[in-house]
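Step one of this worksheet: look at the structure below.
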Amino acid sequence: AMILYWISLSIVNNKIINLISKILIFLSNLFFGATLCIRWLKNGYFPLSNLYESLIFLAWSISFFLILLEYKTKSRLIGSIILPVIFFLSFFASLTLPIDMQKSLSLVPSLQSNWLMMHVSMMMLSYALLIIGSLLSIIYLFFLMFKQKNNFILEILDLWSYRIICFGFPFLTLGILSGAVWANEAWGSYWSWDPKETWALITWLVFASYLHSRLVKGWNPKSASILATFGFLILWVCYLGVNFLGKGLHSYGWI
Amino acid sequence: RQIIKILTDLKFALAVLLAIAIASSFGSVIEQDENILFYQQNYPLDKPIYGFINSNLILFLGLDHIYRTWWFLLLLFILGISLISCTITRQFPVLKSSKDYLFKKEKKAFFNLPFFVNIKNNYYIREILLLKIQKLNFYIYQNKNLIYGYKGLVGRISPILVHFSLIIILIGSSIGAFQNFKAQEVLPKGEFFHIQNPIRVGWFTKLPNINIRVNDFWEKKKKKKIHQFYSNLSILDNYGTEIKEQTISVNNPLRYKNVDIYQSDWNLLGIRVEKIKENKIYEFPLFSLNKTSRSWITWIKDNEKNYSLIFDQLRQTFLVYDDKGNFLKESNLGQIINQEYRVCDILPSTGLLLKYDPSIGIIYFGFGLLMVTTGLSYLPYTQLWVFHQHKNFWLGGITNRGKIQLEIEFENLLR
């Protein structure tokens with residue numbers, strides 16, 4: 001029942017109804033947060049142990065950053081792009097995943113560690129920021145292709161995309177490094193070329209080259225945005241795609 | 001000289017980064033470290049995938065062990081060299097010059113700055129401006145009619161340190177690759193062992209000489225599901241006296257002189273059965289039914305009948321079947337089966353993973369430095385110049401991040 005609430009709340013997708021949409025975004029963020037807190041209290045461990053919980057956490061972080069960004073930039077453009085993502089995430093999490101996967105089970109021994117909190121939350125926060133930033137780059141490319149008039153919007157989109165990705169990149173670094181330290185504590189090897197680790201590294205490398213691309217002499221925002229678009233796709237492969245491979249140390253959330 | 005120019009070029013570094021990324025992605029799609037037969041079956045010679053990917057190509061290019069092939073290691077090495085050369089040639093000089101008093105003495109120098117302004121006919125503005133700049137926490141150098149101020153040197157140095165910590169991590173992992181090793185042991189309680197059975201050994205590895213004894217192995221359950229595995233280990237010296245003792249569990253390894261012992265797996269070795277008439281205890285081995293299912297089977301032979309006993313997980317109960325496969329009953333440890341035998345005990349063994357890696361200290365240092373400096377790189381480094389001559393007054397500024405912030409500060413200064 002609570003599930004249906006969020007879905008109805010996240011279908012806010014237009015520029016017209018200002019105040020109502022703001023309140024709804026705020027409320028849906030609260031609902032996500034409340035679900036996580038309830039699961040946390042009930043199970044005694046931080047709610048990030050399976051795919052369902054991580055999807056809810058991701059939806060919460062994206063809506064949280066969305067609220068922050070809307071406050072800072074006073075623009076509803078970002079919201080109208082990001083909200084479909086949140087919608088799909090919560091839809092997928094609540095309605096498509098089988099009920100078994102949504103239940104909270106007790107943690108397997110290898111997950112009982114304080115590193116669980118730090119590593120996974122860092123990764124999810126960084127995913128949230130990088131998704132928002134790279135989506136803005138994709139929209140930049142769209143505008144560039146179809147609506148070549150408004151230079152001001154283009155510049156702003158590029159600037160926001162850069163700053164958001166800049167902000168999310170250290171989170172990604174922290175997440176990967178804390179994952180490596182955790183792996184070393186638990187399994188004796190800080191890097192084992194596991195698919196998820198490998199793709200996280202690839203994501204890191206692509207976004208690092210995006211950030212450095214501004215210093216290259218022949219730089220223009222278009223090529224940087226193409227890099228960010230690749231980063232977006234790679235991020236989804238890293239987050240969800242490797243679960244389908246079903247191997248390695250990270251296969252906690254397969255279908 | 002040409003080579004150095006190419007190496008320090010940013011575009012080259014970006015290309016290397018992307019090449020490593022693409023190569024790594026191949027490694028996750030093509031299964032790594034399997035035997036030749038596997039690749040021949042999945043990438044057959046007569047029906048190659050996409051027309052040209054067959055097992056010969058894979059084995060020739062080394063795609064079955066990408067992360068250890070010479071060309072991948074060469075890419076990593078080139079990345080390291082590019083990082084080092086970039087740090088030395090571009091960033092150190094900047095570090096030095098940031099401490100010089102870069103006064104701007106001519107009008108022309110101001111035109112290059114993103115923010116500058118020219119104020120005329122105001123004699124007292126210099127003092128007012130100085131006061132305002134001081135309030136903004138700038139370090140100010142003053143020389144006659146020239147002023148230079150900067151703020152946030154951390155933001156200038158941090159990117160250099162970021163690259164430096166990446167270099168440390170790469171060096172650390174190379175050292176580790178040459179010197180580390182991993183070994184595995186599966187032992188029941190009471191057993192004692194030296195480090196043998198290495199899984200992988202680097203080129204310059206020396207096997208350390210320590211003795212380890214497994215004292216006990218148990219598990220703890222929570223809500224009927226396995227919660228955690230524990231092993232109690234002692235490290236002994238060459239005379240058998242105990243040097244160190246610790247209970248390890250899955251996220252809690254034992255650390256002794258650069259050797260780490262991790263709790264990794266477990267197994268059931270056998271059962272202890274008492275033959276009641278003879279009053280003797282026998283040990284029967286258990287055989288695994290299926291590697292992943294955690295079930296074991298053994299057989300007891302009676303005078304007339306044969307029984308199969310099946311043990312599942314680490315439970316105290318087991319199932320008894322007759323020799324035709326019919327289910328007879330479910331029994332507990334300590335109970336008598338058919339008046340002849342009593343199953344006393346199960347013998348579990350613990351799986352331990354041993355690892356020796358002297359480079360961990362370096363790597364952790366590199367990690368820590370990287371974490372800190374990546375965060376600090378976002379602090380802005382702002383510089384201001386003031387120059388006045390007769391009635392003309394020039395004020396200029398530049399920053400490397402947060403340009404909007406500088407604009408706001410500029411406006412405030414001018415008021």
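The values are calculated or read from the model by the stated rules, or taken from the named source; none is laboratory data. What you are looking at is a predicted structure, and each value in this text was computed from that prediction instead of being measured. Quick reminder, even Gly has a Cβ in these numbers, built from the backbone with ideal geometry, and neighbours come from all protein chains shown. When the accessible area is computed, the model is the full protein with side chains, heavy atoms only, and any ligands, DNA or RNA have been set aside. Shrake-Rupley method; radii C 1.70, N 1.55, O 1.52, S 1.80 Å.
Shielding of peptide B:365-372 by partners, expressed as the average count of other chain Cβ atoms within 10 Å per residue Cβ, is 3. Between B:Q389 and B:N56, full extension at 0.36 nm per residue minus the direct alpha carbon distance yields a gain of 112.2 nm.
May I ask you to list the residues of region B:304-345 whose amide nitrogen lies under 20 Å from a point 7 Å from Cα along the Cα→beta-carbon direction of B:K275? Counting backbone N atoms under 20 Å from the label point, the list is B:304-309, B:323, B:334-345.
Shown for region B:250-324: the carbon plus sulfur share of the solvent-accessible area, taken with all protein chains present and a 1.4 angstrom probe, equals 47%.
Averaged over the residues of A:154-166, the number of partner chain Cβ atoms lying within 10 Å of the residue Cβ comes to 1. Straight-line cross-link partners of B:K275 among the aspartates and glutamates, defined as a Cα under 12 Å from its Cα and at least 8 positions apart when in the same chain: B:E283, B:D302, B:E340.
Note on A:W187: accessible area approximately 80 square angstrom, rounded to 10, probe 1.4 Å, nucleic acids and ligands left out. Residues B:K11, A:K74, sorted by accessible area with the largest first, give A:K74, B:K11 [1.4 Å probe; ligands and nucleic acids excluded].
Among the trypsin sites (Lys or Arg not before Pro) within region A:153-241, those in coil by DSSP and having at most 13 neighbouring Cβ atoms inside 10 Å are A:K217.
Solvent-accessible area of B:D345, all protein chains in place: 60 Å² (probe radius 1.4 Å, heavy atoms, ligands and nucleic acids excluded). Calculate the length of the line joining the C-alpha centroid of region B:267-284 to that of region A:149-187, in whole Å. If we compute the Cα centre of each part, the gap is 61 Å. Here the 3J(HN,Hα) profile of region B:296-306, calculated from phi with Karplus coefficients 6.51, -1.76 and 1.60 at θ = phi - 60°, is 10, 9, 8, 10, 10, 10, 9, 5, 9, 10, 10 Hz, Gly and Pro shown as x.
When the C-alpha to C-alpha distance is required to be over 28 Å, the pairs from B:K11/B:K182; A:K42/B:K189; A:K22/B:K132; B:K280/B:K329 that qualify are B:K11/B:K182; A:K42/B:K189; A:K22/B:K132.
With r as the distance between the Cβ atoms of B:E242 and B:I336 and R0 = 35 Å, compute the FRET efficiency 1/(1 + (r/R0)^6) and round to 0.05. Working from the Cβ atoms, E equals 0.35. Near B:L136, no amide H atom lies under 5 Å from its own; only residues 5 or more places off or on other chains count, and H is placed 1.01 Å from N. Note on exposure: A:C37, A:C238 ranked by accessible area (1.4 Å probe, complete protein assembly) read A:C37, A:C238, with the most exposed listed first. Rounded to the nearest 100, the interface formed by chains A and B buries 3600 square angstrom of accessible surface, both chains summed, with a 1.4 Å probe. For peptide B:353-364, the mean count of partner chain Cβ atoms within 10 Å of a residue's Cβ comes to 2.
A crude spin-label estimate for the pair B:F77 and B:K221, with each label 7 Å from Cα along the Cβ direction, gives 5.5 nm. Largest first, the residues B:K220, B:K329 sort by 1.4 Å accessible area into B:K220, B:K329.
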